[in-house]
Amino acid sequence: MSDFSLQSTRVLIVDDNPHFRRLLVSVLSSMGCRMIEEATDGADGLKSLTHFPADVALVDWRMAPMDGLDFTRFVRTSPDSPNRYLPILMLSGYTELRLVLDARDAGVHEFIAKPISAKILQSRLQATLQSPRQFVRSPAYFGPDRRRRQVPLKGPERRKAP
Amino acid sequence: MDTQDPVASPATIITPPVKAEVITPPTNLRDKVSISANGVNPEMLEKAEQVIASLSPSYLTWVEDDLRRAQALLEKIETCSGDDAKPLLTELFTIVHDIKGQGGSFNYVLMTVVGKYLCRFIEAVQDAPRPSHWPVLRVHVDSLRLIISERMEGDGGATGDRMLRGLAAAITKTIGQIDLN
């Protein structure tokens, strides 16, 4: 029988809505996850990361005082970031293309539209954890490679792995 | 007199391309998640969906609380004359946005769609709110309450369809056509 378990995975949930946090905790628990930390906004999430070395973060967008975008930017670019490579999945009801692109450009790995289902959450977690993305560092961006499809380049490849 | 040298014009300077560095992050994530080559156990997914379904009674309690808060805000908004409603509309938007984001997870898809309509309407009027907008807010909040009180799960069928067409018509009649998606 095939199997999927998050038993050894540490998940940080950052969402200001206690009901949504409860939903996520319940679904993650049913997937075997036992190490879950909850935070109520981006600043609280950063505080959690100082003592909870998360393997992946599920982050809401709209929170106060620090929202999910600022949380992501801090994790990716701050010298004080506990883990610049932390996989971040943003869960939000804001699904306009411009906002999704903002999230991508801030450095999120995946964007999941609310309302969520167990199947979507599982598939995105699996994709993130099983196939870690390469990161790109440029003067204007640091984060997971934003190219999701391998398309032939018209010019020479300028990005080289060290 | 123009003294610029046409050969050395700034427009002829080409900035060299900036190189980006590709990094393979240090990770042991693959070791931390167990999954067979065949993919995901459908029983696990079913269990997870059952867990969500088991939260439905709690959801109804949460959403009824959200709707009470939305109703209280609406009553305050209805006493406003225009711009004084702006902070209340912001609060109402936050509540409705949460309702929109949760309904579908608990098989109340119609809550998500009506919530989306109301969010789009608030976004459209929040810079210049007027009392003529209040009835549209009212009919949306009343619809959300009706969906929950009547336990209209899923898309609400024909009733849900009529409800959505009525709400879209109310919005169009009041402020013209807007993108409700």
>> Would the protein assembly as shown count as rounded, prolate or oblate if I go by the C-alpha gyration tensor, calling it rounded below 1.5 in a/c and otherwise prolate when a/b exceeds b/c, oblate otherwise?
In response: oblate
> Cross-link list A:Lys47/B:Lys86; B:Lys32/B:Lys100; A:Lys114/B:Lys76; A:Lys114/B:Lys86; B:Lys86/B:Lys173; A:Lys47/A:Lys119: which exceed 24 angstrom alpha carbon to alpha carbon?
Replying inline: A:Lys47/B:Lys86; B:Lys32/B:Lys100; A:Lys114/B:Lys76; A:Lys114/B:Lys86; A:Lys47/A:Lys119
> Helix A:68-77: angle to the longest alpha-carbon principal axis of chain A, degrees 0 to 90, nearest 10?
Replying inline: 50 degrees
> So what does log10 I(q)/I(0) come out to for the range B:56-175 at q = 0.09, 0.10, 0.17, 0.18 Å⁻¹, using the Debye formula with one equal point on every Cα and no solvent?
Replying inline: -0.22, -0.27, -0.77, -0.86
>> Using +1 at the C-beta of Lys and Arg and -1 at the C-beta of Asp and Glu, which of B:Ala158, B:Gly101, B:Gly176 has the Cα lying farthest in the positive direction of the dipole of chain B?
In response: B:Ala158
>> Calculate the FRET efficiency for B:Asp83 and B:Ile175 from the Cβ-Cβ distance with a Förster distance of 22 Å, rounded to the nearest 0.05.
In response: 0.85
>> I'd like the orientation of helix A:18-30 relative to chain A: the angle between its Cα long axis and the longest Cα principal axis, in ° from 0 to 90, rounded to 10.
In response: 90 degrees
> If R0 is 25 Å, what FRET efficiency do you get for A:Asp80 and A:Leu101 from their C-beta distance, rounded to 0.05?
Replying inline: 0.40
> Can you list, largest first and rounded to whole Å, the semi-axes you get for chain A by taking the square root of 5 times each eigenvalue of its Cα gyration tensor?
Replying inline: 25, 19, 16
>> Using the Cα centre of the range B:56-175 as the reference point, and only Cβ charges (+1 on K/R, -1 on D/E), how large is the resulting charge dipole? Debye, rounded to the nearest 20.
In response: 280 debye
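Here, each number is a calculation from the coordinates, and none is a lab measurement. For clarity, every value in this text was computed on a predicted model and none was experimentally measured. Glycine gets a Cβ as well: all are built from the backbone with ideal geometry, and neighbour counts include every protein chain shown.
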